Every structure is written in structure tokens, then in C-alpha cells.
1. What net charge is computed for the residues neighbouring LYS158, neighbours being all others with C-beta under 14 Å from the C-beta of LYS158, Lys and Arg scored +1, Asp and Glu -1?
2. With θ set to phi - 60° and the Karplus curve 6.51 cos²θ - 1.76 cosθ + 1.60, what are the ³J(HN,Hα) couplings of the range 196-208 in order, to the nearest whole Hz, using x for Gly and Pro?
3. About the Cα centre, and with charges only on the beta carbon of Lys, Arg (+1) and Asp, Glu (-1), how big is the dipole of the range 95-142? Nearest 20 debye, please.
4. Residue-wise, which Karplus ³J(HN,Hα) couplings in Hz belong to the range 94-103, taking 6.51 cos²θ - 1.76 cosθ + 1.60, θ = phi - 60°, and x for glycine or proline?
5. Rounded to the nearest 0.05, what FRET efficiency do LYS234 and LYS402 give with R0 = 60 Å and r taken as the Cβ-Cβ distance? Could you check?
6. Using a 1.4 angstrom probe and counting only protein chains, how large is the accessible area of CYS167 in Å², to 10?
7. Holding the Cα-Cα limit at 32 Å, pick out from LYS88/LYS170; LYS56/LYS298; LYS279/LYS351 the pairs that are longer than that.
8. Based on the mean of other beta carbon atoms within 10 Å per residue, what is the order of 410-423, 172-185, 147-160, most packed first?
Amino acid sequence: MKNIDLTKVKKAHFVGIGGIGVSAIARMMIGEGKKVSGSDSSDSLITKELEKLGAKVFIGHNAKNISGDIDLLVYTPAVNEENPELKKAAELNIPSFSYPEILGLVSKDKYTIAVSGAHGKTTTTAMIGKILIDAKFDPTVIVGSLLKEQGSNFVAGKGKYLVVEACEYKKSFLNINPKIIVITNIDNDHLDYYGNLENIKKAFGEFVAKLPEDGYLACDPNDENLKEIIKITKINIIDYTKIKTDFNLKIPGEHNIKNAQAAVAVAEILGIDKKSAIKSLNNFFGTWRRFEYKGKTKNGVLVYDDYGHHPTEIKATLKGAREFFGGKKIWCVFQPHLYSRTKLLLKDFGKSFGDADEIILADIYAAREPKDENINSKMLAEEIVKNGGAAMYMESFDKIAKLLAEKAKKGDVVMTMGAGDIYKVGENLLKN
């Protein structure tokens with residue numbers, strides 16, 4: 001494992017500073033009094049917040065952004081080796097670490113609670129963080145969204161505990177040194193990297209193997225995708241589904257009850273009183289872009305936003321929305337994330353929108369991928385229609401917002417969904 005003494009770093013530069021994980025480490029280093037700079041392809045709420053805290057943010061990646069006095073470069077796994085800033089740092093012999101590698105160094109000296117899984121890990125991480133904060137454990141928390149109470153994806157704690165969201169993409173989580181692992185579930189995501197579900201399960205098996213003998217694995221042992229991992233695991237397994245509690249959660253959906261059960265399991269491992277943990281969870285208001293209430297338009301349309309971008313997440317969120325809103329009309333505005341995911345899971349996506357009354361599809365958000373002419377949102381619309389859904393494709397956010405302004409009536413619910421920038425549709429609707 002690569003190493004660097006982070007206490008000696010005076011100036012750090014972050015490639016992809018607007019990313020939810022990378023920005024958390026940038027916040028941590030600003031809090032430690034280090035000089036921080038970084039670059040991203042566009043500005044965002046996160047980059048603006050970092051600038052307010054004192055970071056120098058460049059829009060666009062350019063070798064000129066790298067100066068010789070930088071002690072450390074941290075980069076997102078989404079950039080490739082051809083990135084001009086990475087190349088310049090190599091020329092100048094600046095130590096360069098990926099975000100997961102830095103996370104590994106941070107976790108080495110902490111009692112680390114790592115929350116992994118295909119779905120629900122952000123909410124579960126935030127829930128555990130809240131329980132520990134309320135219990136005065138003073139934890140450090142790194143989460144893949146913005147915590148509502150703190151308005152940040154990073155909480156700087158002085159205690160020995162680190163609560164961290166552990167992402168499986170490119171086996172990133174193998175850099176972390178955990179004492180407790182939570183696995184919410186295992187599903188067929190990130191197939192652009194893993195190829196198939198078997199490889200994903202193997203990666204989770206490798207992650208669990210990192211636990212020390214006195215470590216804990218909190219999971220649902222009856223989950224088909226977890227059974228092989230359970231068989232070869234010798235450490236303490238906690239079945240969080242056996243935790244019977246009467247939650248009164250402020251965020252809807254059966255999936256969030258499971259997330260809350262997992263959080264209580266961790267609280268019990270750490271000796272936190274169960275009643276206190278449940279009280280914390282009943283006062284948990286969710287995180288940014290997770291079934292987030294954005295506001296009400298002038299004509300009484302409710303606007304929500306959710307990060308869900310995998311068929312399982314979409315189905316669970318819309319099911320929760322249907323339970324929550326009853327007979328209200330639900331408009332789902334979905335932006336597919338990645339050509340590869342849309343193509344590989346097209347049939348699953350087609351069956352995921354059953355609880356929405358009207359589905360509007362924006363163009364695919366390419367993120368890290370080059371354009372693929374063999375897949376598009378029109379094809380997804382056709383797949384949803386085949387499964388009985390009312391779906392249409394619209395080529396611009398402006399047109400979508402205009403249609404919603406004209407057609408959505410008082411009491412209707414508009415839910416924007418996707419991991420890209422689809423939330424802007426809801427924001428435009430509320431502005432206008």
C-alpha cells in the first residue's frame with residue numbers, strides 16, 4: 001500500500017474536486033489548515049461551498065493548475081492516466097493518490113465502520129453517523145451525499161470512530177481498513193467494470209476478508225447473493241433483519257426500514273442504547289438527493305429529487321413514493337446514467353417504473369463514457385411502454401420543465417431521478 005504522512009502535507013490539489021467523495025477529503029484538509037486547490041469539469045453546489053471555505057477551484061483540467069509547491073495530489077477514480085494534471089504531477093514527482101487510497105490511509109488510524117452495498121449505503125452511512133453524533137461519540141463521517149443537519153458530506157470528529165461509505169466501483173473499498181462492515185445488499189451494478197454478478201460477489205468476499213478476527217459483519221445472511229460470502233467468513237455475523245423495532249421514520253419506503261435496522265445493529269455492536277439509536281433515526285431527515293423534498297410550485301405541484309439510477313433503486317423509491325403519496329399523480333423525470341448501464345440493464349429498467357403515472361426521459365448522462373450510438377433514451381421509453389408505462393422522451397431540460405409547468409396540476413408530485421444533473425429540472429420548475 002502506498003503511504004504518505006498526511007500531517008506533513010501543507011498544500012494539496014484535488015482532481016475532480018466536485019465529486020462527492022473527493023470533496024469530503026478536500027473539506028477535511030481545509031479543516032486541518034492546509035491550502036487546498038482543485039479542478040472539475042463544471043462548477044456545482046459542492047465546488048461553490050468549497051470556494052466559500054477557502055479552496056481555489058479551477059473549471060477544466062489543465063496542466064497549468066499544477067504548481068511545484070503542491071505536496072499531494074488526490075484524484076477521482078473517474079479520471080484516466082491521460083489527465084493533464086495527473087501527467088504534470090508525475091513530471092514534478094508530486095505524490096499522487098486516488099480517493100480510495102487516501103481513504104485507506106485515513107481509516108488506518110481509526111475504528112472504521114464501512115458501509116457497503118449496491119443500494120442504500122449513503123442513507124445507512126448517514127443514519128449511523130447521526131446515531132454516533134447524538135450519542136456523543138464525536139465520529140468522523142464521510143458520506144456520498146450532503147447531510148441535512150451539517151450541510152456537508154464530511155463531519156470532522158475528534159473521537160476514534162470513522163463512519164465511511166465504502167464504494168465497490170473498481171474495488172475501491174479494498175483500500176479501507178474496517179472493524180465493522182455493513183453490507184446492505186449485493187446487486188448487478190457497475191457491470192462496465194465487473195462484467196457479471198459473480199465478479200461483484202468475489203469483490204465483496206475480498207472486502208469482508210479484510211475484517212480482523214474481532215471484527216463484525218452486519219448483513220442479511222439470507223440474501224442469496226451473500227450466502228457464499230457468509231460460508232467462508234469466520235468473524236461475528238450480525239443479522240440486522242432480526243432487529244425488531246417500531247420506527248417512526250421521516251423518510252418513506254421499506255428499503256429505509258432495512259437501512260435503519262442495519263444502523264441499529266451497528267449501534268448495538270458499539271454499546272449504544274437501542275432506544276437512543278431509534279430516537280436518533282426517528283429524527284433523521286434524510287440526505288441531499290435521497291427522496292429529497294425540494295419545494296412546492298406556485299400552482300401547488302410538489303417537487304422531489306432522488307439519486308436513484310439503478311432499476312432496483314428506482315423501483316424501491318417509486319414504491320416508497322406510492323405508499324407515501326397514495327393516489328396522487330406521480331410524474332417521474334428520469335435521466336439514465338451511463339450508456340453501458342442503460343444498455344446492459346435495459347429490460348430491468350423497462351419494468352422499474354410501475355408506480356409512476358407519467359415517465360419523462362431525458363438524454364443519457366454519459367459521465368465517464370464516450371457516446372454509444374447503440375443505446376438512447378428513446379429506446380428506454382419504448383421498453384417502458386412495452387411494460388405498460390406511459391413514457392416519453394424529451395431532448396432538453398427546458399422542454400421537460402415547460403411540459404411539467406403546463407400539464408402538472410395542483411397536488412401532483414414531480415420526482416426527478418438520476419445520478420447526473422436532472423435535479424436542475426425541478427429547480428427550474430420551482431424558480432419559474
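1. Overall, the nearby charge balance is 0.
2. Listing the rounded values in order: 7, 5, 4, 5, 5, 4, 4, 4, 5, x, 5, 5, 4 Hz.
3. Rounded to the nearest 20 debye, it is 100 debye.
4. Each residue's phi maps through the Karplus curve to give 7, x, 10, 10, 6, 3, x, 5, 5, 4 Hz.
5. E between LYS234 and LYS402, to the nearest 0.05, is 0.50.
6. Using a 1.4 Å probe on the heavy atoms, I get roughly 50 Å².
7. Beyond 32 Å: LYS56/LYS298; LYS279/LYS351.
8. 172-185, 410-423, 147-160
The values are calculated or read from the model by the stated rules, or taken from the named source; none is laboratory data. Here the structure is a predicted model, which is why all the values come from computation and not from measurement. Don't worry about glycine lacking a Cβ; one is built from the backbone with ideal geometry, like all the others, and counts go over all protein chains shown. Ligands, DNA and RNA are stripped out before the accessible areas are found, and what is left, the full protein with its side chains, is counted by its heavy atoms. Shrake-Rupley method; radii C 1.70, N 1.55, O 1.52, S 1.80 Å.
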